[in-house]
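The block underneath contains the structure these notes are about, expressed in structure tokens.
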Amino acid sequence: DQIFEEATVKHLVELCKSHQVIVFTHRLSLLAAIEKFARKESMRPHIVAFERGAWCGEPSELPLLIQNPKSAITKLLELVKKARKVLNESSTEEYEIHAQGICSSFRNTLQRVIEYDLLSEVVQRFDSDIHAKNITKLSAISPEDCKILDDLMTEYSKYMHPQSYETPVSLPLPDQLQADLEKLKEWR
């Protein structure tokens, strides 16, 4: 549970003061907790994500789900460039595989933007604390801010759910994906 997980991470961070600690986990919440508690101790953990390879894990980037919004948006813009190339050089079906992943990651990134930027980290997905010192920043939220994020969240939520065979939702083309990501980047 979250309380036990946080207690474990606190012990691990304390142990890091005198030892090298290596943690293997499949839990994104554990990675987020390690970063949180290490920052409190002015430590910078070296986190390497691994993807399942042919016979063992291979190093990869952190999952977009736990990257900070700026990094995630940058990565998504790179993925749109690759998807555009696939669309131009391959098939629509192959492009749709890439576009589906981008749409899903974009929606998750929107959730992080809401946590970090709109809500000023007052509440966060993998954090049981409420950061009251940031509450005054919430007064800067405008109806326009909410509309931009709500519109994007509504648009990209529809790609996360199973679609009807009779009326499928078409995935956005690279120009639309790029425009929406640039809009989010500019808003931030």
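Which of the residues that make up region 158-176 are in contact with a helix residue (DSSP H, G or I) (Cβ under 6 Å, 6 or more places away or on another chain) and either surrounded by fewer than 14 Cβ atoms within 10 Å (Cβ to Cβ) or assigned to a helix (DSSP H, G or I) (or both)?
Once the filter is applied, which keeps residues that are in contact with a helix residue (DSSP H, G or I) (Cβ under 6 Å, 6 or more places away or on another chain) and either surrounded by fewer than 14 Cβ atoms within 10 Å (Cβ to Cβ) or assigned to a helix (DSSP H, G or I) (or both), region 158-176 yields Met160, Pro174.
Before we move on, is Leu87 modelled with pLDDT of 90 or more and farther than 20 Å from Leu152 by Cβ?
yes
Name the single residue, out of those in region 25-60 being of a type in the set (Asp, Glu) and either at pLDDT below 65 or touching a strand residue (DSSP E or B) at 6+ places or on another chain (Cβ under 6 Å) (or both), that is farthest from Asp117 (Cα to Cα).
Glu58
Yes or no: Thr109 of a type outside the set (D, E, K, R) and open to solvent by 40 Å² or more (accessible area, probe 1.4 Å)?
Against the criterion (of a type outside the set (D, E, K, R) and open to solvent by 40 Å² or more (accessible area, probe 1.4 Å)), Thr109 does not qualify.
Applying the selection to region 16-33, what residues are within 16 Å of Arg44 (Cβ to Cβ) and surrounded by 10 or more Cβ atoms within 10 Å (Cβ to Cβ)?
Cys16, Val21, Val23, Leu31, Ala32, Ala33
With modelled with pLDDT under 95 and open to solvent by 50 Å² or more (accessible area, probe 1.4 Å) as the only criterion, which of Ala179, Ala140 stands out?
Result: Ala140 is the single residue among Ala179, Ala140 that is modelled with pLDDT under 95 and open to solvent by 50 Å² or more (accessible area, probe 1.4 Å).
The values are calculated or read from the model by the stated rules, or taken from the named source; none is laboratory data. From a predicted model like this one, the values you see are computed outputs, not experimental measurements. Positions of Cβ are backbone-derived with ideal geometry, glycine not excepted, and every protein chain shown enters the neighbour counts. Each accessible area value is taken on the protein alone, full model and side chains, heavy atoms only, with ligands, DNA and RNA left out. Shrake-Rupley method; radii C 1.70, N 1.55, O 1.52, S 1.80 Å.
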